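First the structure, in the form of structure tokens, and then the observations on it.
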Ligand code: NAD
């Protein structure tokens, strides 16, 4: 059975490598630095749009961040319509209402302002409003037939990297599952990585979203699909996150640390969108869907355990990540440096207030969580992990998260 799992996952990996050879993945135009949101607004005006649908959440409207950007767009002569009904982990109904809103108000482009939830919802709203496809028609890999309306993004968290990826995650509320849409047409046209819009992000969300970015970078670097280009991006992101996340959490108004986190999150997204992710995500998606835990926190809870599981098979790759993080020394063996990486991740998590247990996880949820995680990691997506996991090993890792 284990042999078949390995064979199937490798076949899926080969298939995705072949497909990636035939698709061209563009990179968005990037504006970065404090105030870059205004530069993006000027660019949107130059691209000739008349009316832009702003996709966001109510919190960001209340904080005044959306008003700031909308005022800039209107100064540039662009009309705006705000759709602020996005909730964390957006579901199909929120996206479908957004599409209706976009069509009713005759918008011709979509601007996302917010975290991964707003960005993911906006990507699907733009694709489906500007084409005749419905959100459920484009689930899975490479099912988007036409580009739809242009997508612009201003991320206000530094974590998901959605502004760089060809991915959108939409929750099926009834089935309690996260559905994936993966297509190069989901890569945004242009983005602003503006730290001045991130200074009010509370420490706990800064910590959890930052760990999401670190997980992307580490899983991408450990992926069997990694290339020289993705390694450069992933390892650069690792170094920037180890160097800046704690400062961003403890001194939220530090623009340098905020900008470094925004750039690192973008690099990590640009890397994992090619290499795919691994068991940390396979498990975290289920923990998020079953226990309603924020995505970054769910990743952070599993990350040290999965790294520990990999040590005997992936010490050289982990040692390379440790080096990028500035952890351990060049005289260490690979195994010693891999161990140092696990310890450093645990220490970073402790320093930024990430808990070790998932309070909402109950013993009776473990079986379902394990089944779903292995289905996602081995069956559905065939994650290109450096070491395959048996069911008992997976269950043992999940049980470590049960509240003591
Ligand atoms: P989020 O977008 O759900 O936002 C979390 C909270 O932070 C919200 O309440 C929001 O209002 C608040 N917030 C955001 N920016 C703020 C700011 N500057 N100041 C104050 N509050 C602010 O969280 P997230 O972690 O960014 O996104 C998670 C979603 O992204 C999940 O649905 C996950 O599945 C998805 N995701 C997508 C990708 C991708 O490639 N598309 C990758 C990873 C995760």
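Derivation of every value follows stated rules applied to the coordinates shown; laboratory data play no part. Predicted model only: the values in this text are computed from it and were never measured. With ideal geometry, Cβ positions are generated from the backbone for all residues, glycine too; neighbour counts draw on all protein chains shown.
At a glance:
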| quantity | calculated |
| --- | --- |
| Cα centroid separation - segment 197-268 against segment 347-404, whole Å | 22 |
| Most mobile of 174, 308, 349 in a GNM of the chain (Cα contacts under 10 Å) | 174 |
| Whole-angstrom Cα spans of segment 202-399 along principal axes, big to small | 44, 36, 29 |
| By average C-beta atoms within 10 angstrom, highest first, the peptides 299-307, 88-96 | 299-307, 88-96 |
| Dmax and Rg, reported as Rg then Dmax, of segment 166-304 (C-alpha, Å) | 14.8, 42 |
| Cα-based equivalent ellipsoid, the chain: semi-axes from gyration tensor eigenvalues, Å | 33, 24, 20 |
| Beta bridges per DSSP with both ends in the chain, % antiparallel, nearest 5 | 25 |
| Helix-only CD estimate at 222 nm, as mean residue ellipticity for the chain, using -39500 (n - 2.57) per DSSP H run (n ≥ 4) | -18000 deg cm²/dmol |
| All-pairs Cα distance distribution in segment 68-215, expressed in whole percent, bin size 10 Å | 12, 43, 35, 11, 0 |
| Contact order relative to length of the chain, as percent, for alpha carbon pairs under 8 angstrom and 6 or more apart | 16 |
| Using alpha-carbon coordinates, inclination of helix 228-250 to the longest axis of the chain, degrees | 80 |
| GNM flexibility winner over the chain from 166, 198, 389 (Cα, springs under 10 Å) | 389 |
| Per-bin percent of Cα-Cα distances, segment 65-152 [5 Å] | 3, 15, 26, 26, 19, 7, 4, 1 |
| Segments 106-113, 179-186, 228-235 sorted - mean Cβ within 10 Å per residue, highest first | 106-113, 179-186, 228-235 |
